[in-house]
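Take a look at the structure set out below.
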Amino acid sequence: MELITGKLLIISLWTAISLFSTLVIVSRFSTMIQQPLTAKLIADAPDLNKLHFIEEQYRILIGVTSIGVLCGILLFPTFINIFSRAIVQLSNQRGSVIALFLVHFI
């Protein structure tokens, strides 16, 4: 029983690391998309009162980003619970995502 418990612990650990890595990739991808958009904002700013226009746009951008961060903070425990349940279910299905979907959705 000790070997099985240790094996499940290692599988759960690697699954958690994999899910965390997926979230990190998504967050870095969103940053990669945001950078060209802000560069385009500066390039397309009107010549008349350019600094004021960019300042207003950045205030909006920072405000929306702050709202997104607050939503992320509030929803983080929910995602932890969902991922914890997913890890347990994946260990019950021996790591097969396809078998997990077949059991729960069909």
- With a Förster distance of 30 angstrom and the Cβ-Cβ distance between Ile67 and Thr22, calculated FRET efficiency to the nearest 0.05 equals 0.80
- Added length on full extension, which subtracts the Cα-Cα distance from 0.36 nm per residue, Leu102 to Ile80: 5.6 nm
- Pick out, in residue order, every one of the trypsin sites (Lys or Arg not before Pro) in the stretch 36-97 that is DSSP loop and has at most 10 other C-beta atoms within 10 Å; say none if there are none. Arg94
- Query: Expressed in nm², what is the orientationally averaged projection area of the convex hull enclosing the Cα positions of the stretch 41-106?
  - Reply: 7.5 nm²
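No value in this document is a laboratory result; all are computed from the given coordinates. Not measured: the values here are computed from a predicted model. Because the Cβ atoms are built from the backbone with ideal geometry, glycine has one as well, and the counts that use them run over all protein chains shown.
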